[in-house]
Amino acid sequence: MEDADADPWLAADKAYHVMFCFVLTFLFHSAASLTPHPFLRRQSIPLASMASLLAGAAKEAADHLGYFRSAGASLKDALADLLGVILATSLLSLGTLRIKRSIPPPPPDRGISLV
């Protein structure tokens with residue numbers, strides 16, 4: 001059984017996980033929003049959420065394999081990652097922190113003009 005003192009819920013490590021996934025979700029959303037592909041723009045929030053969760057899962061896998069100096073993979077770290085993604089996704093969905101697109105929309109297609 002895991003010792004509760006070895007991985008406390010209210011540790012700086014958990015705050016880092018929340019902030020890291022929160023910021024990554026916004027960065028991935030920005031990248032997807034600026035692409036010229038309409039599918040990626042429409043699905044930018046779910047794609048950003050999945051990419052951020054994958055980054056968090058990769059970090060936990062690397063912890064488990066011993067690539068970083070840490071106590072190993074932790075369910076609490078993964079839940080902190082999930083909390084960061086949920087917070088970012090909620091803010092993005094509410095539209096309070098919309099990132100404006102710098103790519104102007106394409107002009108409307110007017111067809112062929114004979115004049």
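The values are calculated or read from the model by the stated rules, or taken from the named source; none is laboratory data. Keep in mind that what you see is a predicted model, and the values were worked out from it rather than measured. Quick reminder, even Gly has a Cβ in these numbers, built from the backbone with ideal geometry, and neighbours come from all protein chains shown.
Give all pairs with beta carbons closer than 9 Å in which a residue from region 49-61 that is more than 14 Å from Met19 (Cα to Cα) meets a residue that is hydroxyl-bearing (Ser, Thr, Tyr); count only pairs at least 6 apart in sequence or on separate chains.
Ala51/Thr25; Glu60/Ser74; Ala61/Tyr67
Residue check, Lys100 against (1) at pLDDT below 85; (2) surrounded by 15 or more Cβ atoms within 10 Å (Cβ to Cβ); (3) among the basic types (Lys, Arg), all met but one. Which one?
The single condition Lys100 does not satisfy is (2).
Of all the helices (runs of 4 or more DSSP H) wholly in region 1-90, which have at least 1 residues that are aromatic (Phe, Trp, Tyr)?
12-33, 38-42
Filter region 42-78 down to the residues that are of a type in the set (D, E, K, R) and at pLDDT 80 or above, then identify the one that is surrounded by the fewest Cβ atoms within 10 Å (Cβ to Cβ). Working first, answer last.
Filtering region 42-78 for residues of a type in the set (D, E, K, R) gives 42, 59-60, 63, 69, 76-77.
Those left that are additionally at pLDDT 80 or above: 42, 59-60, 63, 76-77.
Numbers: Arg42: 12, Lys59: 20, Glu60: 19, Asp63: 17, Lys76: 15, Asp77: 23.
This residue is Arg42.
Is it true that some residue in region 9-31 is in contact with a Cys (Cβ under 9 Å, 6 or more places away or on another chain), surrounded by 19 or more Cβ atoms within 10 Å (Cβ to Cβ) and modelled with pLDDT of 90 or more?
No, because not a single residue in region 9-31 is in contact with a Cys (Cβ under 9 Å, 6 or more places away or on another chain), surrounded by 19 or more Cβ atoms within 10 Å (Cβ to Cβ) and modelled with pLDDT of 90 or more.
Can you tell me how many residues in region 71-90 are over 20 Å from Val23 (Cα atoms) and free of Cβ contacts under 8 Å to residues at least 24 places away in the same chain? Before you say what the answer is, go through the steps one by one.
Just the residues of region 71-90 that are over 20 Å from Val23 (Cα atoms), to begin with: 71-75.
Of the ones still in play, those that are also free of Cβ contacts under 8 Å to residues at least 24 places away in the same chain are 72-73, 75.
Residues in region 71-90 being over 20 Å from Val23 (Cα atoms) and free of Cβ contacts under 8 Å to residues at least 24 places away in the same chain: 3 in total.
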